[in-house]
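**Student:** Following this message is one structure expressed as structure tokens.
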């Protein structure tokens, strides 16, 4: 047994080192096992991109489809002269899916541009810009998204993938060479450059970390920013692999930290964002098979060349290629199958292959893989022209020709395209829904109704419309609380002087929907259609004046006029389902009792908006809203400021009233 300098047996020292490296690799796998996703998509902004509305605007909100990391200066607002607008500290909300930037002095007029930069969950830096107007003409409705450091990121990832392929595939190539020459006086085996490959991977991962740190907030990001933690784990894993490859007897242990690199890449790749857990496993198998296929071929060709140069017995090189061929076929099938599944998972439709940058690069990768397939068939076909003879009996096999060498080069090109592919944004976001609605900006108006059996509350603000739908029993504070209903909603907007347009809505939580609405000055008509499983739905149309005019003085005047009237005659109809028939009830009650029962009895409300006059007689109208309790009223007033008619929507009920006043 060979002894090292400290006289401890080589086997004992190697065993302890193996245990230490294996434990460290396992720790990396555990640390990397948290959630990660694909590139983030900017779902919506407040104010809306390209919108223009009345001020003041006191904050800017960006909502993404996945958590993002942003530094203090990641969002900047500038005016048309390029002067930076003073802002407060950047805030993260909704599980880091929303960024909120307070503006110290609210914006009242002008055009403004927002520039932003965030770090995605996969570690790539994403930036972009959009513009909006306040009390001015709307700017060009263009939202630009960039992928910061794309060229550098793709180049470093190619080096990382190539190093991974040479390291893991080289070990497979060594095993194939031993298998091909077992039991014979074979030529000397060629060692794969594991240490060199691990050091190259270490440098590439370190370079990626250097690119990420400034956008992620500096060195502190190493311990609290997920993308940086992933790539830092890869640095550590490659370092362990290089250390293991430098110690005699521990070369095979390099597979453990290299497996950690594969897991890290699986956690940060696109499929994980669409199918957590399974997506990472799919990427690990796909990338692992590609690395083994490429690296093993490189090592097999390198070994065959060395054997031919050493004038070994004829046939050894061809026999090695024959041993490699069935393994390569299995790896090829794994690459094709997992790649196909990943493509189906990430793409929205076949059209994305042409209409998106990601799709076009993917087509390029498919072309290269097809070329590799043709080259592989040509190379193996030459070998299979005759049965292999035993090398120790002097048999020979035909040389595969240049096709196998070109195949190796094409596989390296496939790794380069893959590195670019994983650095590009996927064609579709991981989700189009928001976890929470972004806070409104600018002036606000609110309205609501009962649609069938569904209670609707809506808030219109600068560039957006937020809807809230609830079914009977779905309120947690309500008696007989039931599970939340599976609701759906559609919105049609008819702006002044324009034809009706269907507006896309996206989810923002349970029963919550958000629509980007290009409000025009004047009366905008909004039609909401809603439904839910097991409940009646319905449709309602609302007038949304823009910009909204505060009608609080009219509300106060109405309450004052009512208190001067001793009694009220009213006809009231109550329903909990607008698809059915309501039954009116006639009442005469003291005015004070009526006002004490109404939320506006003290003459105050969070949102009071002037509505267009009633077409029949020009009577004035106001909308009164209490969004926190889900109460929305529309009132028509006579020339004495007293209500003539009232519609009141409360949770699960709709009340309509007409008023008359006894002669004094």
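**Student:** Looking at residue 195, is it within 18 Å of residue 166 (Cβ to Cβ), assigned to a loop (DSSP other than H, G, I, E, B) and modelled with pLDDT of 80 or more? Steps first, answer last, please.
**Tutor:** Details: within 18 Å of residue 166 (Cβ to Cβ): yes; assigned to a loop (DSSP other than H, G, I, E, B): no; modelled with pLDDT of 80 or more: yes.
Criteria not met by residue 195.
**Student:** Quick test of your reading of the structure: residue 231 fulfils all but one of (1) modelled with pLDDT of 85 or more; (2) surrounded by 22 or more Cβ atoms within 10 Å (Cβ to Cβ). Name the failing condition by number.
**Tutor:** Of everything listed in (1) modelled with pLDDT of 85 or more; (2) surrounded by 22 or more Cβ atoms within 10 Å (Cβ to Cβ), residue 231 misses just condition (1).
**Student:** Identify all residues within the range 322-356 that are more than 25 Å from residue 284 (Cβ to Cβ), modelled with pLDDT under 75 and part of a helix (DSSP H, G or I); write none if there are none.
**Tutor:** 354, 355
**Student:** Which residues, counting only those in the range 525-554, are free of Cβ contacts under 8 Å to residues at least 60 places away in the same chain and under 21 Å from residue 501 (Cβ atoms)?
**Tutor:** 525, 527, 541
**Student:** Sticking with this one: Specify which of the listed residues (511, 531, 582, 537) is at positive phi and in contact with a strand residue (DSSP E or B) (Cβ under 7 Å, 6 or more places away or on another chain).
**Tutor:** On the way: 531 fails: at positive phi; 582 fails: at positive phi; 537 fails: at positive phi.
Of 511, 531, 582, 537, the one residue that is at positive phi and in contact with a strand residue (DSSP E or B) (Cβ under 7 Å, 6 or more places away or on another chain) is 511.
**Student:** Being modelled with pLDDT of 70 or more and outside any strand (DSSP E or B) is the filter; apply it to the range 36-49 and report the residue that is farthest from residue 445 (Cα to Cα).
**Tutor:** Step one: of the range 36-49, the residues modelled with pLDDT of 70 or more are 41-49.
This time we only want the ones that are outside any strand (DSSP E or B), so: 41, 47-49.
On the way: 41: 29, 47: 15, 48: 17, 49: 20 Å.
Filtering first and then ranking leaves 41.
**Student:** If you don't mind, another one. Has the range 203-220 got at least one residue that is modelled with pLDDT of 80 or more, more than 27 Å from the chain's Cα centre (by Cα) and either in a loop (DSSP other than H, G, I, E, B) or closer than 23 Å to residue 297 by Cβ (or both)?
**Tutor:** Kept after step one, since they are modelled with pLDDT of 80 or more, are these residues of the range 203-220: 203-210.
From what is left, the residues that are more than 27 Å from the chain's Cα centre (by Cα) are 203.
Of the ones still in play, those that are also either in a loop (DSSP other than H, G, I, E, B) or closer than 23 Å to residue 297 by Cβ (or both) are none.
So far as the range 203-220 goes, no, none of its residues is modelled with pLDDT of 80 or more, more than 27 Å from the chain's Cα centre (by Cα) and either in a loop (DSSP other than H, G, I, E, B) or closer than 23 Å to residue 297 by Cβ (or both).
**Student:** Restricting attention to the range 581-600, does a residue exist that is in contact (Cβ under 8 Å) with a residue 40 or more places away in the chain and buried (at least 18 other Cβ atoms within 10 Å of the Cβ)?
**Tutor:** Scanning the range 581-600, I find at least one residue that is in contact (Cβ under 8 Å) with a residue 40 or more places away in the chain and buried (at least 18 other Cβ atoms within 10 Å of the Cβ), so the answer is yes.
**Student:** If you check residue 515 against the conditions, is it surrounded by 20 or more Cβ atoms within 10 Å (Cβ to Cβ), in the same structural domain as residue 648 (by TED's automatic domain parsing) and modelled with pLDDT of 85 or more? Outline the logic, then answer.
**Tutor:** Numbers: surrounded by 20 or more Cβ atoms within 10 Å (Cβ to Cβ): yes; in the same structural domain as residue 648 (by TED's automatic domain parsing): yes; modelled with pLDDT of 85 or more: yes.
Yes; evaluated as a whole, the condition is true for this residue.
**Student:** While we're on this one: Tell me, which residue of the range 476-502 that is in a loop (DSSP other than H, G, I, E, B), touching a strand residue (DSSP E or B) at 6+ places or on another chain (Cβ under 9 Å) and closer than 20 Å to residue 437 by Cβ is modelled with the highest pLDDT?
**Tutor:** By that ranking, first place goes to 486.
**Student:** If you don't mind, another one. Going by what's in this entry, would residue 548 be described as in a loop (DSSP other than H, G, I, E, B), buried (at least 19 other Cβ atoms within 10 Å of the Cβ) and out of contact with any helix residue (DSSP H, G or I) (no Cβ under 8 Å at 6 or more places or on another chain)? Walk me through it before giving the result.
**Tutor:** Working: in a loop (DSSP other than H, G, I, E, B): yes; buried (at least 19 other Cβ atoms within 10 Å of the Cβ): yes; out of contact with any helix residue (DSSP H, G or I) (no Cβ under 8 Å at 6 or more places or on another chain): yes.
The answer is yes for residue 548.
**Student:** Right, something else. Identify, from the list 596, 640, 569, 617, the residue that is over 22 Å from residue 517 (Cβ atoms) and assigned to a strand (DSSP E or B). Spell out how you get there, then give the answer.
**Tutor:** Values: 596 fails: assigned to a strand (DSSP E or B); 640 fails: assigned to a strand (DSSP E or B); 617 fails: assigned to a strand (DSSP E or B).
Sole residue among the options that is over 22 Å from residue 517 (Cβ atoms) and assigned to a strand (DSSP E or B): 569.
**Student:** Out of all the residues in the range 69-90, which are surrounded by 13 or more Cβ atoms within 10 Å (Cβ to Cβ), modelled with pLDDT of 85 or more and in a strand (DSSP E or B)?
**Tutor:** Within the range 69-90, 75, 76, 77, 78, 87 qualify.
**Student:** Also, I was wondering about something else. Out of 613, 651, 627, which single residue is in contact with a strand residue (DSSP E or B) (Cβ under 9 Å, 6 or more places away or on another chain), without any contact (Cβ under 8 Å) to a residue 12 or more places away in the chain and either surrounded by 15 or more Cβ atoms within 10 Å (Cβ to Cβ) or closer than 25 Å to residue 524 by Cβ (or both)?
**Tutor:** Values: 651 fails: without any contact (Cβ under 8 Å) to a residue 12 or more places away in the chain; 627 fails: without any contact (Cβ under 8 Å) to a residue 12 or more places away in the chain.
Exactly one residue qualifies, and that residue is 613.
**Student:** Going residue by residue through the range 81-94, is there one that turns out to be touching a residue at least 40 places away in the same chain (Cβ under 8 Å) and either assigned by TED's automatic domain parsing to the domain that holds residue 507 or under 22 Å from residue 465 (Cα atoms) (or both)? Working first, answer last.
**Tutor:** At the first step, the residues of the range 81-94 found to be touching a residue at least 40 places away in the same chain (Cβ under 8 Å) are 93-94.
Restricting the remaining residues to those that are either assigned by TED's automatic domain parsing to the domain that holds residue 507 or under 22 Å from residue 465 (Cα atoms) (or both) gives 93-94.
Within the range 81-94 (the criterion being touching a residue at least 40 places away in the same chain (Cβ under 8 Å) and either assigned by TED's automatic domain parsing to the domain that holds residue 507 or under 22 Å from residue 465 (Cα atoms) (or both)), the answer is yes, since at least one residue qualifies.
**Student:** Can you tell which of 419, 426 is assigned to a helix (DSSP H, G or I), at pLDDT below 75 and either under 26 Å from residue 131 (Cβ atoms) or not assigned by TED's automatic domain parsing to the domain that holds residue 64 (or both)? Full working, then the answer.
**Tutor:** Details: 426 fails: assigned to a helix (DSSP H, G or I).
Of the residues listed, the single one that is assigned to a helix (DSSP H, G or I), at pLDDT below 75 and either under 26 Å from residue 131 (Cβ atoms) or not assigned by TED's automatic domain parsing to the domain that holds residue 64 (or both) is 419.
**Student:** Here are the criteria: (1) more than 18 Å from residue 651 (Cβ to Cβ); (2) in contact (Cβ under 8 Å) with a residue 40 or more places away in the chain. Tell me which single one residue 489 does not satisfy.
**Tutor:** Checking residue 489 against (1) more than 18 Å from residue 651 (Cβ to Cβ); (2) in contact (Cβ under 8 Å) with a residue 40 or more places away in the chain, the one that fails is (1).
**Student:** Take the residues in the range 50-65 that are at pLDDT below 80 and crowded, with 22+ Cβ neighbours inside 10 Å, then tell me which one is farthest from residue 464 (Cα to Cα).
**Tutor:** Ranking the qualifying residues of the range 50-65, first place goes to 65.
**Student:** Can you name the residue in the range 632-641 that is out of contact with any helix residue (DSSP H, G or I) (no Cβ under 6 Å at 6 or more places or on another chain) and surrounded by fewer than 20 Cβ atoms within 10 Å (Cβ to Cβ) and is also nearest to residue 572 (Cα to Cα) among such residues?
**Tutor:** Among those residues, the one meeting the criterion is 638.
The values are calculated or read from the model by the stated rules, or taken from the named source; none is laboratory data. What you see is a predicted model, and the numbers here were worked out from it, not measured in a lab. Heads up, the Cβs are rebuilt from the backbone with ideal geometry, glycines too, and the neighbour counts pull from every protein chain shown.
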